[in-house]
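K.L.:
Structure below; questions to follow.
Readers should treat all values here as calculations from the given coordinates under stated rules, not as data from a laboratory. Predicted model only: the values in this text are computed from it and were never measured. Cβ coordinates were reconstructed from backbone atoms using ideal geometry, including for glycine residues, and neighbour counts include every protein chain displayed.
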């Protein structure tokens, strides 16, 4: 172990973050994970070595207070941090190495919305107002084109382009540092966007695509929290809101409906911009299980 150098946990974490050669979104995730661990460990001497026993206690605390995916992500971040500490000579061994990660959920924690449900959702929007036109365009992008809330938030006017006679939206996707993906906009989405932008007027290419329309935030980019609140309001109004139906359900619906309409797994993966085909495979598994369940073949 190195001598004469600080073992202060905060210093080591800062050095680790500076050593990372990954995108900004992933760095934020690592920072959040390490900050959470530091807060949990508050009260321990800052130069006290972290032990496997502590990691096990922390893992159990996470399991009781965080979602399974968050627990898995935080433990991965800690494992990589302590790998760095070992490689730099600050630790003899990685205290996370022998602590098992938790199994991430195989299926989805959120449900999709049926075609009938989406029609009901769209029908409760008052499209005579600028706010209604904006909200209708947002939900069309999510349900018909599979955008994530963060992708809706990041979109600018100038990201709308025409290629080979079709309108596309360049996407600054999940975990990305630039707009290196795009979606081909469906005709109803194009119509909804045109209706909104014509009513809004005077927008420049560098302006956010979706902005506030009320006095207190007029012209300001909508945040992810605001968009979630907007969609939830319509879900409640349409009588669709449940514990498992959330704004992200609109994206789930896009993938599910694509599969039901005959899209191949590769086509669905490309359209949804899933990094791993295993993510897309979950949708196909759920679709097949519900369409042709083995349970129906059992006769007693």
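K.L.:
Just to be sure I understand: with springs between alpha-carbon atoms less than 10 Å apart, which residue in 152, 76, 184 has the highest mean-square fluctuation in the Gaussian network model of the chain?
P.N.:
So, out of 152, 76, 184, the one fluctuating most is 76.
K.L.:
If the elastic network links every pair of Cα atoms under 10 Å, which of 67, 272, 137 fluctuates the most in the Gaussian network model of the chain?
P.N.:
With Cα springs under 10 Å in the chain, the top fluctuation among 67, 272, 137 is at 67.
K.L.:
Please give the helix 277-291 orientation as an angle from the longest Cα principal axis of the chain, in degrees from 0 to 90, rounded to the nearest 10.
P.N.:
60
K.L.:
Additional query: In percent, what relative contact order does the chain have, based on Cα pairs under 8 Å that are 6 or more apart in sequence?
P.N.:
Computed value for the chain: 18 percent relative contact order.
K.L.:
While we're here: Report, to two decimal places, the Cα Rg of region 115-291 normalised by 2.2 N^0.38 Å (N = number of residues).
P.N.:
1.02
K.L.:
Using the number of other C-beta atoms within 10 angstrom as an exposure proxy, rank 189, 51 with the fewest first.
P.N.:
51, 189
K.L.:
Let me ask something additional. With springs only between Cα atoms under 10 Å, which of 136, 210, 284 fluctuates most in a Gaussian network model of the chain?
P.N.:
284
K.L.:
Another question, if that's okay. Could you check how many percent of all C-alpha pairs in region 9-87 are farther apart than 15 Å?
P.N.:
Value for region 9-87: 55 percent of Cα pairs lie more than 15 Å apart.
K.L.:
Between region 233-265 and region 212-231, how far is it from one alpha carbon centroid to the other, in angstrom?
P.N.:
Result: 22 Å between the Cα centres.
K.L.:
Against the longest alpha carbon principal axis of the chain, how many degrees, from 0 to 90 and to the nearest 10, is the axis of helix 249-260 turned?
P.N.:
Rounded to the nearest ten degrees, it is 70.
K.L.:
Short version: what are the Cα gyration tensor semi-axes of the chain, square root of 5 times each eigenvalue, largest first, in whole Å?
P.N.:
41, 26, 18
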